[in-house]
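To start, the structure under review is shown below, and the notes come after it.
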Amino acid sequence: MEPVAPIVKFSSLKKRYGAGPWILEDINLAVAADDFVSLIGPSGCGKSTVLKLISGLSPGTEGGLEVLGTTPKQARDRQAFIFQDATLLPWLTAQRNAELPLRLRRAAAAERAAKARAMLDLVGLAGARDYYPRQLSGGMKMRVSIARALTLSPQLLLLDEPFGALDEMTRNRLNEELLALRERSRFTALFVTHSVSEAVFLSNRVVVMAANPGREHGEVRVDFPYPRPAALRGSPEFLAKVNEVTQLLHQVEATS
Amino acid sequence: MKKMPTVWLWLLPVVCGLLFVALWYGVRRWSGLQSWILPTPGEIVAAAWQERARLLAAAGDTAVGALGGFLLAATLGFGTALGLGASRTLRASLWPWLLVLQMTPVIVLTPIIVLWAGPGLPGIVTITWLISFFPIVANMTQGLLSTDMNHVALFRMANASRLQELWLLRVPAAMPFYLAGLRIAATLAPIGAIFGEYMVGNSSGGTGGLGFLVYSYNTQIKIPALFATALTSCLLGFIFVAAVAWLNWAVLHKWHDSFERDDH
Ligand SMILES: Nc1ncnc2c1ncn2[C@@H]1O[C@H](COP(=O)(O)OP(=O)(O)OP(=O)(O)O)[C@@H](O)[C@H]1O
Ligand SMILES: [Mg+2]
């Protein structure tokens with residue numbers, strides 16, 4: 001079998017903002033095409049910074065980073081970012097918000113309308129297309145945000161605590177929907193979260209980070225096959241994985 | 001906070017106004033002042049009716065001047081703010097001078113403006129523009145610079161051009177600020193026009209507007225008519241403010257939180 005080029009490849013990457021302290025030290029994370037990687041770690045350990053580096057919103061200081069075989073910036077049109085708050089434009093309807101990335105690429109009006117509509121249907125918002133963001137619940141806003149990210153059929157999806165502000169029921173439901181969407185569109189995902197069970201449910205790899213400076217502390221592989229049923233959350237194997245990650249987190253919190 | 005029933009929102013100001021009118025009559029009666037010092041509301045309304053043709057024609061002229069200056073300020077203000085919002089260099093170079101312009105009392109500039117623009121409509125429009133320009137520029141620039149950083153990141157991620165970022169993100173996000181600037185300008189524009197007319201007079205022919213009417217009623221000691229002119233100016237100002245309030249509603253009510261209703 002020939003080796004597959006990694007989607008994301010950090011090599012000894014270090015990062016500081018300006019002349020500030022080192023935020024990330026010696027990151028060597030590699031993400032493969034069929035990975036769903038979750039990043040988990042104490043607040044301030046640099047998880048968001050990792051995503052900002054990959055998306056080219058912020059440059060690395062030392063070391064290398066390759067994304068989709070090229071530089072982060074050049075890989076931008078094949079990746080999409082989902083932020084913690086849905087970052088919808090309040091003056092646009094759900095439909096118009098979902099169309100935005102295509103509009104910025106100057107796609108034809110008919111094409112972008114059709115694609116956005118299809119994605120909104122897929123996330124279950126067919127009936128809310130003409131709603132403005134303030135008329136949507138938190139979960140619905142997040143669905144629009146996901147639909148917007150997927151209109152460009154990205155190869156790599158970066159998610160920064162997308163469901164952190166939602167109640168647990170909505171969060172679980174959106175976790176399941178996200179995996180279902182991934183069955184259809186086969187994107188690679190890098191997911192930042194504070195919830196251990198969310199990380200275990202979604203990913204095949206959970207990377208635990210330590211803080212000050214941020215670094216990879218350990219990794220837990222989660223080999224449950226996809227698609228994963230909601231009932232998985234109740235199984236002893238699932239809970240064992242949750243425990244494993246939680247213990248790594250305890251180690252990290254004890255040392256930093 | 002509990003919402004006040006709508007009737008009260010109408011009733012309270014009306015009752016208040018009626019009390020004020022009653023007080024006015026009372027003061028006139030017990031003070032023994034003459035009509036030409038303190039006319040009663042009735043005398044003012046009578047004077048307004050008697051002078052209605054002049055008042056209406058003058059109000060029309062003032063409205064033209066005020067509207068001209070206001071529209072000029074609205075468009076130039078929008079354009080200037082775009083420049084200031086887009087370029088740090090431009091902002092650093094021009095902002096102090098805009099402040100200087102704002103700080104200079106218009107009354108000082110009036111003779112110069114009349115000298116350059118002439119005593120007619122162009123001069124009055126210039127004075128009105130000068131008075132209502134700054135709040136528009138200041139508000140709109142502020143709005144262009146207050147864009148949500150996450151929204152900016154979203155646009156950067158999509159490789160949006162600077163022009164797209166400006167038109168599709170910064171300008172719409174600045175609309176509430178721009179409209180707030182227009183609201184202030186709408187209260188200032190009629191004042192500016194009337195002030196200009198008062199200073200310029202009717203040397204250009206025509207009615208000379210409400211400003212000149214103030215001047216001429218004053219010299220003729222037609223005091224009730226003077227009050228009637230004040231009343232007319234007030235109505236004109238109200239129309240301006242109401243028009244901008246309507247514009248504000250039309251642009252923002254669908255999405256902006258300032259128009260959030262109780263349900264829905
Ligand atoms: N633009 C910036 N300029 C300077 N320092 C920054 C900037 N962004 C983040 N930092 C610093 O980098 C460190 C890591 O921040 P980051 O947002 O990546 O953490 P995080 O792991 O995502 O935290 P959280 O879980 O709270 O979201 C923090 O100490 C933060 O103060
Ligand atoms: Mg973060």
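The values are calculated or read from the model by the stated rules, or taken from the named source; none is laboratory data. Just so we're clear, the structure is a prediction, and the values are computed from it rather than from any experiment. Ideal geometry is used to build each Cβ from the backbone, glycine not excepted, and the neighbour counts take in all protein chains shown.
What the table below lists for this structure:
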quantity: Matching residues in segment A:51-90 - criterion: being free of Cβ contacts under 8 Å to residues at least 60 places away in the same chain and away from every other protein chain (no Cβ under 11 Å); calculated: A:LEU53, A:PRO59, A:GLY60, A:THR61, A:GLU62, A:GLY63, A:GLY64, A:LEU65, A:THR70, A:THR71
quantity: Conditions (1) within 19 Å of B:THR75 (Cβ to Cβ); (2) surrounded by 21 or more Cβ atoms within 10 Å (Cβ to Cβ); number of the one not met by B:ALA243; calculated: (2)
quantity: Hey, B:PHE177 more than 14 Å from chain A (Cβ to nearest Cβ) and in a helix (DSSP H, G or I) or not; calculated: no
quantity: Test: residue in segment A:131-146 that is within 14 Å of chain B (Cβ to nearest Cβ), of a type in the set (Gly, Ala, Ser) and buried (at least 21 other Cβ atoms within 10 Å of the Cβ); calculated: yes
quantity: Test result for B:VAL171, more than 14 Å from every other protein chain (Cβ to nearest Cβ), among the hydrophobic types (A, V, I, L, M, F, W, C) and surrounded by 18 or more Cβ atoms within 10 Å (Cβ to Cβ); calculated: no
quantity: Residue within segment A:99-115 that is at pLDDT 95 or above and either within 16 Å of ligand 1 (Cβ to nearest atom) or within 21 Å of A:ASN175 (Cα to Cα) (or both) present; calculated: no
quantity: Count of residues meeting criterion [crowded, with 16+ Cβ neighbours inside 10 Å, over 15 Å from the mean Cα position of the chain (by Cα) and not aliphatic (A, V, I, L, M)] in segment A:57-76; calculated: 5
quantity: Sole exception among (1) part of a helix (DSSP H, G or I); (2) within 14 Å of chain A (Cβ to nearest Cβ); (3) in contact (Cβ under 8 Å) with a residue 12 or more places away in the chain for B:LEU84, by number; calculated: (2)
quantity: Residue, nearest to A:GLY139 (Cα to Cα), within segment A:91-121, restricted to residues that are among the hydrophobic types (A, V, I, L, M, F, W, C), within 12 Å of chain B (Cβ to nearest Cβ) and part of a helix (DSSP H, G or I); calculated: A:ALA94
quantity: Subset of segment B:100-159 (residues that are within 14 Å of chain A (Cβ to nearest Cβ), in a helix (DSSP H, G or I) and small (Gly, Ala, Ser)); calculated: B:GLY143, B:ALA153
quantity: Single residue of segment A:162-194 satisfying the filter (within 16 Å of ligand 1 (Cβ to nearest atom), of a type outside the set (A, V, I, L, M, F, W, C) and surrounded by 19 or more Cβ atoms within 10 Å (Cβ to Cβ)) that is farthest from the other protein chains (Cβ to nearest Cβ); calculated: A:THR193
